Structures are given as structure tokens and as C-alpha cells.
């Protein structure tokens, strides 16, 4: 505002860095001429060039396909002189922090065999912990002068803390990244200064990465998203020379934002993933059934647009080849994470219906105009389909093992745990359901999957323990139901034939009447505002308010 006020009257603005959103203080060019020793800045030296290169490669394999936050060639070009001299300029401090975090994540996922030829004594796990300590001590270096690297640092530290079992810190770091993005105007590219093509695409990459992180964090923690409902103007990123790889043997085309067609590459994953989060940004706690049907329809339409390269079924015959072919590995990982996120979003969308089992029979009509000619599907049906399909990634165990060696492992683990709890709730909602056996089989698959994807992490261990407890609860409730039913049958058989017959007739009539009432009320639920308000806003006192402020994770776990 100050800039617009004085731009036609003053040639130079006064210093205003003490004013919120004021003009930052001008930097002294002489300061940038000073070359500072890396160890003096962050208390730790960078490893020799060969080791650094291996760690950067490990980072790229673990995260760059999942969350692209920079341009690989530009990153390496800026890194090379810092490694060679061991010094940086004052303006490179945020970039130095990004280097440390990249090397830290690389050291976490690097194969020891890759390090051995360069330094047999190098301890990657120890170095990773040393880097984490250095980053935590000096993180505000990246935040003092807010830059694009500041956003990337915050986002990567959020991922790191998820892997380190520090979930609250992960939530906080995502929030910091979001606010830094806002501080530099990342949400509106019309305000950006003139940039070359690579810089422009990198800024777009970082924006969409922090946008998706904000949406996912809101889903996982049950907190409001910062960007949901807000206006932003950032185009989808174009491919750069570090993301031009196509999937061998396929060659599909994607429709780009401007209506043109382009070859599907490893970066297409991010261009398909971001609309999935945009669709779910409409999912709020106070939506009505019509709005939920609308979001549901958009999810179904999104799924239809996926190219072969990003569909998990495309890799059923090549699963054993993903280890040998780098490009095939990336596309397989992207396909499995996209499918899980898609099904997970269905679970999120219909979670209010889990408050009361009678609401599970509500019919869904994503396309009202086609409702009479379409096959009827209920909320229970869709929850069952999505949760069971998530459990069937058990059939792609080879790809899951690969995913366990990447930064997506925490998200996949959490999504699979959520599917397990939903399956348990569906099972407990109707112990006489013909699908009960299928629910239990799906739960068993998930219990076996989680150690594969979690690699023995606290998240996978805790998830397995909770889902195993859920299996025991289901079995216990089954036994109680069988005993109760047997007792009732015994009492009925002991009564007189006439009375017993009359009782059975009355029971049959009551069931028929109840069925008729249920059928009648079914059509009313679709338009009955009072009923819908009761569903969305006023759960029974004895039930957990899943639509409330608690996370889906916490709310569902409380049921056990």
C-alpha cells in the first residue's frame, strides 16, 4: 500500500521494515562480497564433493519425484562452488540451509553401497543426525530473509519431522512455509518481478507444493486450511529438463491448462495431484448433501482423466521390473500414491456419515440428471469400495517396499491406517453384514502392509497395534452377537407354538414395516434439511464428532 501511495510522488521510499508488510531494509552490497566459511555459519562442514553428489542423488530418488522444490541442474550449479571453496556469501545463507536439509534427507535414504567406494568410514545415519541438529540450531537463518528457499526449507523440515515422529513440529513447519509463501507473494504470480523461464517454473513448483502440503495438513490434523477458499493466481508449472522423462512403453498425452496436449512425464504427477487437492478444498464441515454429491462427482471425473502412466493397474505385469528401470520405478510410485490419495479423499468426504449407521444407507447421486438410469450406490458402498481397494495395494508389495524408501512413506502409512479404521467402523456398524468377512480380510491385509511401508517406524507400529485391537474388538462383538441371538432363539423355541408363531409373524410384520419406513425416509433424506443438519451438526451425545475440530486420525482412534 505504501508503495502505491508514494510511487508517483517519491523516487525513493523511506525505510519501512518495522511496519507490517513494509519495504524490507536495503542490503549493503559490500556484505555480499564477504565470503563466510560454512562451518562458521552453521557449525558443520559439508562433505567432500563425491559424497555430496551421492547424497543429492539419494535425495532426488527419495523426494524429487514426489515434491519438486527446485531445478536439479540449477541446484547443482549453485552447490558446486560452495563445495569447492567451503564458503558462501551472506545472501546465500537460506540456500545453505536448503543444502543442509537436502543432504540430511539424502543421508537418511542413501544406500550404504553407494557411499562405500568414496569413503568406507562415512556414517550416513550419524551425519544425518548431525545435520538435523545443525539445521534446528540455525533454521532462522532461512527465515530471516524470506526467500523461495525459506519456503522449501520449511516444507522439507515438515516432512523430516513426520519421519522423526515429531508430528506437532511437522504441523508447525508447514504453517511456517505457508506464511513465508504469503509473505513473498507466492500466491499471485502477477506480482512477481520479471524472471527467466527456469526461475518462473521453480516458483510455480514451490507454490503448488506448499499449496498441496497445506491441504494435506488440514486433512490429517483436522485443522482449517490456510489456502482453502482463498484466491490465488499461479499457473501450473511446465516441464524443465530435469522432469522430461516419459514412461517406457506407454507415451500418453495430457491436456494442459491452456488446452494443448503434451507428453506425460514424471512431472505430470504433480499436475494431476494438485487438482485432486483443489477439489477437496471444497470439503468443509458444514457441507450439505448436494454439495457433497458435487464434490463426489468431481472426484469421479478426475479419476477418468488419469493417463495410463499414473494408473496402478498399468504396472501389474511390470512390477518386477521397477527395480531395474529408474523411470518405471518413478511412475509406479506415483501411480500407487495417487490411487491411495484418491480413495483416501473419498473416506474424508463421507466421514460425517460414520456418525450413525443409519446414515450409511443414504444413496449418492453425483449426476442428478442421470440418477434414474444409474446404478444406486450408497455411502456404505463407496466407503467399502475405497477402503477395500486401499487394502488391495497388498498385491503391489514390491512397489510398497520401494515407497518405504522415500519421503511419501509417512503419508501412505497414515492413509492406510485411516482405511483400516474405516473398515473396522463399517464392520462394527453391522455385524450381520455379508461383507463382514471381506472387511476383516481387508483389515488383515492392511496389518501386513503397514510394516512394509513403515519400515518399523513408530507410525507403522502404532497403526498395526490399533488395527489389531480393532480386529479383536470385531471378533469379541461377533461372539457377543452370536450368543445373544442364540439366547433369543432358545427363549422363542421354549414358548408355545401359537405364541411363537404369532411372535414370528409380528416380528416379520415389524421388519416389513421398518423396511417400508426406511425406504420412505431414504427419499426424504436427500432433501430434508432438518435431517441433514442433524447429521452434519448435531451428532448423538455418545458418538464422536468426526466433523468437529479433532483430526480424522484422533476421532476414529477414540472409538476403540
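The values are calculated or read from the model by the stated rules, or taken from the named source; none is laboratory data. Bear in mind that the values here come from a model prediction, so they are computed numbers and not experimental data. Cβ atoms come from the backbone with ideal geometry, glycine included; neighbour counts cover every protein chain shown.
Here residue 113 clears all of (1) farther than 24 Å from residue 199 by Cβ; (2) surrounded by 21 or more Cβ atoms within 10 Å (Cβ to Cβ); (3) without any contact (Cβ under 8 Å) to a residue 40 or more places away in the chain except the condition numbered (2). With respect to being at pLDDT below 95 and part of a helix (DSSP H, G or I), residue 57 falls outside the description.
With respect to the conditions (1) part of a loop (DSSP other than H, G, I, E, B); (2) surrounded by fewer than 18 Cβ atoms within 10 Å (Cβ to Cβ), residue 303 lacks only one, and its number is (1).
Condition (residue is over 22 Å from residue 430 (Cβ atoms), crowded, with 22+ Cβ neighbours inside 10 Å, at pLDDT 85 or above and out of contact with any strand residue (DSSP E or B) (no Cβ under 7 Å at 6 or more places or on another chain)) applied to the range 388-396: is it met by at least one residue? Among the residues of the range 388-396, at least one is over 22 Å from residue 430 (Cβ atoms), crowded, with 22+ Cβ neighbours inside 10 Å, at pLDDT 85 or above and out of contact with any strand residue (DSSP E or B) (no Cβ under 7 Å at 6 or more places or on another chain), which makes the answer yes. Here residue 263 passes the criteria (1) in contact with a strand residue (DSSP E or B) (Cβ under 9 Å, 6 or more places away or on another chain); (2) within 18 Å of residue 212 (Cα to Cα); (3) surrounded by fewer than 17 Cβ atoms within 10 Å (Cβ to Cβ) except the one numbered (2).
What are the residues in the range 132-149 that are assigned to a helix (DSSP H, G or I) and over 19 Å from residue 164 (Cβ atoms), if any?
Taking the range 132-149 first, the residues assigned to a helix (DSSP H, G or I) are 132-138, 140-144, 148-149.
Correct list: 140, 141, 143, 144, 148, 149.
Taken as a whole, the structure places residue 241 among residues that are surrounded by fewer than 14 Cβ atoms within 10 Å (Cβ to Cβ), touching a residue at least 40 places away in the same chain (Cβ under 8 Å) and in a loop (DSSP other than H, G, I, E, B).
Can you name every residue in the range 268-295 that is part of a helix (DSSP H, G or I) and over 18 Å from residue 216 (Cα atoms)? Working first, answer last.
If we filter the range 268-295 for residues that are part of a helix (DSSP H, G or I), which is where we start, we get 268-280, 289-295.
Within the range 268-295, 268, 289, 290, 291, 292, 293, 294 qualify.
Here is a yes/no grid of residues against (1) out of contact with any strand residue (DSSP E or B) (no Cβ under 9 Å at 6 or more places or on another chain); (2) in contact (Cβ under 8 Å) with a residue 60 or more places away in the chain; (3) over 30 Å from residue 68 (Cα atoms); (4) not in a loop (DSSP other than H, G, I, E, B):
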{"residue": "352", "(1), (2), (3), (4)": "yes, yes, yes, yes"}
{"residue": "360", "(1), (2), (3), (4)": "no, yes, yes, yes"}
{"residue": "383", "(1), (2), (3), (4)": "yes, no, yes, yes"}
{"residue": "401", "(1), (2), (3), (4)": "yes, no, no, yes"}
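Please determine whether any residue of the range 408-415 is under 17 Å from the mean Cα position of the chain (by Cα), over 17 Å from residue 318 (Cα atoms) and not in a helix (DSSP H, G or I).
There is at least one residue in the range 408-415 that is under 17 Å from the mean Cα position of the chain (by Cα), over 17 Å from residue 318 (Cα atoms) and not in a helix (DSSP H, G or I).
Filter the range 422-441 down to the residues that are crowded, with 16+ Cβ neighbours inside 10 Å and either touching a strand residue (DSSP E or B) at 6+ places or on another chain (Cβ under 6 Å) or not in a helix (DSSP H, G or I) (or both) and list them by number. Answer for the range 422-441, where residues must be crowded, with 16+ Cβ neighbours inside 10 Å and either touching a strand residue (DSSP E or B) at 6+ places or on another chain (Cβ under 6 Å) or not in a helix (DSSP H, G or I) (or both): just 435.
Of all residues in the range 182-220, which are part of a helix (DSSP H, G or I), farther than 22 Å from residue 268 by Cα and either over 19 Å from the mean Cα position of the chain (by Cα) or in contact (Cβ under 8 Å) with a residue 60 or more places away in the chain (or both)? Scanning the range 182-220 gives 182, 183, 190, 191, 219, 220.
With respect to the conditions (1) closer than 18 Å to residue 202 by Cα; (2) at pLDDT 90 or above, residue 262 falls short on a single one, namely (1).
Can you pull out every residue in the range 312-325 that is modelled with pLDDT of 80 or more, in contact with a helix residue (DSSP H, G or I) (Cβ under 9 Å, 6 or more places away or on another chain), surrounded by fewer than 16 Cβ atoms within 10 Å (Cβ to Cβ) and in a loop (DSSP other than H, G, I, E, B)? Within the range 312-325, just 316 meets the criteria.
Could you tell me whether residue 202 is modelled with pLDDT of 95 or more and buried (at least 18 other Cβ atoms within 10 Å of the Cβ)? Judged against the criteria, residue 202 is a match.
Looking at this structure, is residue 129 modelled with pLDDT under 95, part of a helix (DSSP H, G or I), in contact with a helix residue (DSSP H, G or I) (Cβ under 9 Å, 6 or more places away or on another chain) and surrounded by fewer than 18 Cβ atoms within 10 Å (Cβ to Cβ)? Give the steps one after another, and end with the answer.
Values: modelled with pLDDT under 95: no; part of a helix (DSSP H, G or I): yes; in contact with a helix residue (DSSP H, G or I) (Cβ under 9 Å, 6 or more places away or on another chain): yes; surrounded by fewer than 18 Cβ atoms within 10 Å (Cβ to Cβ): yes.
When the stated conditions are applied, residue 129 does not pass them.
From the list 444, 470, 419, the lone residue that is surrounded by 10 or more Cβ atoms within 10 Å (Cβ to Cβ), within 20 Å of residue 387 (Cα to Cα), in contact with a helix residue (DSSP H, G or I) (Cβ under 6 Å, 6 or more places away or on another chain) and at pLDDT 95 or above is 419.
All of 152, 74 fail the test of being in contact (Cβ under 8 Å) with a residue 60 or more places away in the chain, assigned to a helix (DSSP H, G or I) and surrounded by fewer than 20 Cβ atoms within 10 Å (Cβ to Cβ), apart from 74. In summary, residue 228 fulfils each of the numbered conditions (1) in contact (Cβ under 8 Å) with a residue 60 or more places away in the chain; (2) in a loop (DSSP other than H, G, I, E, B) with the single exception of condition (1).
At pLDDT below 95, surrounded by 19 or more Cβ atoms within 10 Å (Cβ to Cβ) and on the phi < 0 side of the Ramachandran plot: which single residue out of 368, 352, 275 fits that description? Outline the logic, then answer.
On the way: 368 fails: surrounded by 19 or more Cβ atoms within 10 Å (Cβ to Cβ); 275 fails: surrounded by 19 or more Cβ atoms within 10 Å (Cβ to Cβ).
After applying the criteria, what remains is 352.
Only one entry of 147, 160, 191 meets the criterion of being over 24 Å from residue 241 (Cβ atoms) and crowded, with 16+ Cβ neighbours inside 10 Å, and that entry is 160.
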